[in-house]
Structure formats: C-alpha cells, structure tokens
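Visitor: Starting off with a structure, shown below.
Please treat every number below as a calculation from the coordinates, not as lab data. As the structure is a prediction and not an experimental result, all values here were calculated from the model. Don't worry about glycine lacking a Cβ; one is built from the backbone with ideal geometry, like all the others, and counts go over all protein chains shown.
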C-alpha cells in the first residue's frame, strides 16, 4: 500500500486574507521525494481543541503527519499541549533543552523571559529534532504505527529541519518508493485545446497521473508516477515523448525552463540581439527577459512607450499614423517594432500595444485587444489577439504571448491556429 502523508499548518493568521501558507509547498515536495503521497493539507487556527481534533482524525487515515507551526514561546503557540492531549501523553520540560535555550540567549546578550520555557516542553515519548538556526526544537513521535513530525513555522528553520532530520526518517519509512515526474510546457494553446489533443494518449497509461494546468501565459502538463526501487520510469518517458510529438512545435520545453529562458537561449544560439517597445505591457516583457542570468548577451534594452508622444519621438511612429489608425493597431505595432530596432541597433525588434482596460475599449477595439509585432532584417510581421481577463491578466498574458510569438519567429514557425 502507498504510504500516505498529511500536512497540518497551524496559525490563525493563515485563516485571514493577509497571510498564505507557503510552507506546505516545500513540505509536499520533500515528502514526495521521500516516497510519500500527500493526500491532504489542512490549516487550523491557534486552538488547542481544534488542533487535537484534527490530529486525531489524521491519525486514522495517514501514515505520516507533519504539523507546522505553533512551537514558539507565546500564549497562542499551543501545538505542543494540543498534540499531547490528542495522544493522551504528558508534557514535560527537558532540563537540557532549557539550559541550551538559556545559553543561546546569554550568547546574544539577552535575558531569557519565562515564556520561552515553553520551547523546552517535550511530548512524552518524542524524539527531539534539533533546530540549528532557531530556538524551537522539533519533535518526532510514533503512535500506533503512525508517525508525527512537529516542525517550527519560520521558513528557514523549517527547511533545514525538513531536509536534515525529517527527510531521512521519511525515506526509511517509505522503503525506497519514489515519485518520478516529467513536465511539458506549451505556449499559445488553450487548456481545452491541449487536453483535446492529448487526452486519448495519456488515457492509455492508467498508472501515470496526468494533470493539465493553466498558469498565466502557458499550459503545463505534469506527469507523475510512483515507482518501487526496482521499477524503471520507461513508460513515463514514453508518455512524455508521445505527448511532445502530438503537440509539436507548441511545446517549448520538457525540462521546466521558462519561456524567457528558451527565447534567450535561441537568441544566443543565433547570435541575435533584441530590443523592445512596450506600450500596454510597459516593461513586463523586459522584466521576464532580465530574470535570466546572462540576458545582457542578447537583450539590449527597451522603450516603455506608453504615451503617443513617446511612440512618436523615441520610436519614430508617424503622428499621422497614430491619428488615423490609433495607437492600438497593426500599423502602429509594426512601426514600433521597426522604430525600436532602429533606435537601439538590435537584430530584432519586438513591440506590443493594446487595451488593458478596464476602460478605453470600443465595439471595434474592445478591452483585451492586443497587437504584437516583430521586425528584423527580413521584414516585419504582426499578430492580433483579444485576451480575456482583468487589467493585470491582460498585461501578463500579453507579455508571455509576445514572447511566444518571438520564439516562433526565431524558429521559423507559423503561429499555431489554436492560439
């Protein structure tokens, strides 16, 4: 039977609009590495009764429960007594932990307040997990064949304790099972179009979990398969290869690269440089490109030509064109691409202009209308798209769409009709 894990994040602040539980992402990744399938994640407030009740439920269904947070020195840090109550065990102060806490405070030139003594409390039968960078030790417990890990909430403390202390123990429990994954990223197609093309393929592999996701700007296909130590991931790779062939040039990576990394690599391989003219995206494409180390090899810079005056003065768009065609038009997009290429002396010019909303749209030019254009030594081309969503989504999707068009252009591909 597959070993199952569960994560309980403790903290009333995560039940408000102001804080998000991100620790569970790291813990899930590490548990998968160890061979555990994470079947549930829960967030519970700083209530001793609620934590105890949730832990008792988790012990009925999961082999390993990781409890995050609530190990600090304040009144609302109640994970220790909650766990002790759930297991019907005592909670006592360990003198050696208390002495270590006092010494740590003394080294920092502080007197330890009495409430810090809570961090020396240990649930009966627990193995103490050393915290090398914080004051709250963790714990590892066994109860009726189930295991529980209590970990501190601060991310840097959690990461070290998870990697150094929990992961080795979890691997021994899992007996060598591992989660193998493959990732395929697709540009310029909708989630439904991708699934329509590949559903019949992945349906032939029932042991492989296939998930189609739609982050902003691209589609991700994630393949996962649990394998015993003596099993090979050959069928996983076979499925990955079949999906890649079915989707063809729309696949921009199978190695978790970002679109900007792929575009940058192509520019570098072809010995080309790029300049940007960004109107509605106003620097977002440049932000994507410069996330990649070494992008100065091929990215020269850009002009945020938000106003018509800057489009005219810096990118050379004729005033009469702006007056007759409008700033959001194929003519202006192409003129921007040519103008920025000329102004910055690049091999390739990429321009984007559009109506991000929420206002400014008309029947002929609705909110979400975006034009992108590319200019190089062989000429100029443009593409038109109406992008759904609010202002933020239109701008973000326009930036990634433009990068996708640039990739296609550099590779000599035609735009996918499903885009």
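Visitor: How much length is gained on full extension from residue 183 to residue 94, taking 0.36 nm per residue of separation minus their Cα-Cα distance?
Guide: That works out to 27.3 nm of additional length.
Visitor: Determine the shape class of segment 4-174: with a ≥ b ≥ c the square roots of the Cα gyration tensor eigenvalues, call it rounded for a/c under 1.5, and otherwise prolate if a/b is greater than b/c, oblate otherwise.
Guide: Numbers: a/c = 1.45, a/b = 1.41, b/c = 1.03.
It is rounded, given that a/c, with a ≥ b ≥ c, falls under 1.5.
Visitor: Calculate the FRET efficiency for residue 50 and residue 26 from the Cβ-Cβ distance with a Förster distance of 25 Å, rounded to the nearest 0.05.
Guide: For R0 = 25 Å, the calculated efficiency reads 0.60.
Visitor: Mean projection of the alpha-carbon convex hull of segment 182-297 over all orientations, in nm²?
Guide: Dividing the Cα hull surface by four gives the mean projection, 9.0 nm².
Visitor: Restricting to segment 4-174, compute how many DSSP beta bridges are antiparallel as a %, nearest 5.
Guide: Here the antiparallel bridges make up roughly 40 percent for segment 4-174.
Visitor: Continuing with this model, one more query. Just to verify a number: FRET efficiency for residue 107 and residue 169, C-beta to C-beta distance, R0 = 25 Å, to 0.05?
Guide: Rounded to the nearest 0.05, the efficiency is 0.25.
Visitor: With springs connecting C-alpha atoms under 10 Å apart, model the chain as a Gaussian network and identify which of 184, 386, 221 has the largest mean-square fluctuation.
Guide: Top of the fluctuation ranking is 386.
Visitor: Continuing with this model, one more query. What's the long-distance tail for segment 268-410, i.e. % of Cα pairs beyond 17 Å?
Guide: Numbers: 5576 of 10153 pairs.
When every Cα pair of segment 268-410 is considered, 55 percent fall beyond 17 Å.
Visitor: Further question on the same structure: For segment 159-313, give me the percentage of DSSP beta bridges that are antiparallel, rounded to the nearest 5 percent.
Guide: 75
Visitor: For segment 211-276 and segment 152-193, what is the separation of their Cα centres, given in Å?
Guide: 19
Visitor: Spin-label point model (7 Å from Cα, Cβ direction): what's the residue 268 to residue 297 distance in nm?
Guide: 0.3
Visitor: How high is the FRET efficiency from residue 75 to residue 392, r the C-beta distance, R0 41 Å, rounded to 0.05?
Guide: Once rounded, the FRET efficiency stands at 0.55.
Visitor: Can you tell which of 107, 270, 197 shows the greatest fluctuation in a Gaussian network model of the chain with Cα springs below 10 Å?
Guide: The residue that fluctuates most here is 107.
Visitor: Additional query: How high is the relative contact order of segment 246-346, given as a whole-number percent (alpha carbon pairs under 8 Å, six or more residues apart)? Can you show the working numbers first?
Guide: Numbers: 115 pairs, mean separation 26.9, N = 101.
Relative contact order of segment 246-346: 27 percent.
Visitor: Assuming a ≥ b ≥ c are the square roots of the Cα gyration tensor eigenvalues, decide whether segment 334-398 counts as rounded (a/c under 1.5), prolate (otherwise, with a/b larger than b/c) or oblate.
Guide: prolate
Visitor: Considering only DSSP beta bridges whose two residues both sit in the chain, what percent are antiparallel, to the nearest 5?
Guide: 60
Visitor: From Cα pairs below 8 angstrom and at least 6 apart in sequence, can you work out the relative contact order of segment 4-174, rounded to a whole percent?
Guide: Relative contact order for segment 4-174 comes out at 24 percent.
Visitor: Label residue 133 and residue 209 with points 7 Å out from Cα along Cα→Cβ: what is the distance between them in nm?
Guide: The answer from the label model is 2.9 nm.
Visitor: Right, next: Note down, for the chain, the three equivalent ellipsoid semi-axes (square root of 5 times each alpha carbon gyration tensor eigenvalue), biggest first, whole angstrom. Don't jump to the answer; show the numbers that get you there.
Guide: Numbers: eigenvalues 546, 144, 72 Å².
The equivalent ellipsoid of the chain has semi-axes of 52, 27, 19 Å.
Visitor: Considering only C-alpha atoms, what is the centroid distance from segment 91-124 to segment 302-372, in Å?
Guide: 64
Visitor: May I ask you to derive the relative contact order of the chain, considering only C-alpha pairs under 8 Å and at least 6 residues apart, and to give it as an integer percent?
Guide: 11
Visitor: Measure nothing fancy, just the Cα-based angle from helix 48-59's long axis to the longest principal axis of the chain, in degrees from 0 to 90, nearest 10.
Guide: Value to nearest ten degrees: 80.
Visitor: Say each of residue 115 and residue 256 gets a label point 7 Å from the Cα, pointing the same way as Cα to Cβ; how far apart are those two points in nm?
Guide: Taking the simple label geometry, residue 115 and residue 256 are separated by 3.9 nm.
Visitor: Among 130, 238, 57, whose mean-square fluctuation peaks in a Gaussian network model of the chain (Cα, cutoff 10 Å)?
Guide: 57
Visitor: A follow-up question, please. On a 0 to 90 degree scale, rounded to 10, what angle separates helix 23-34 from the longest Cα axis of the chain?
Guide: Its long axis makes an angle of about 80 degrees.
Visitor: Quick check: the angle from helix 259-270's long axis to the longest principal axis of the chain, C-alpha only, nearest 10 degrees?
Guide: 50
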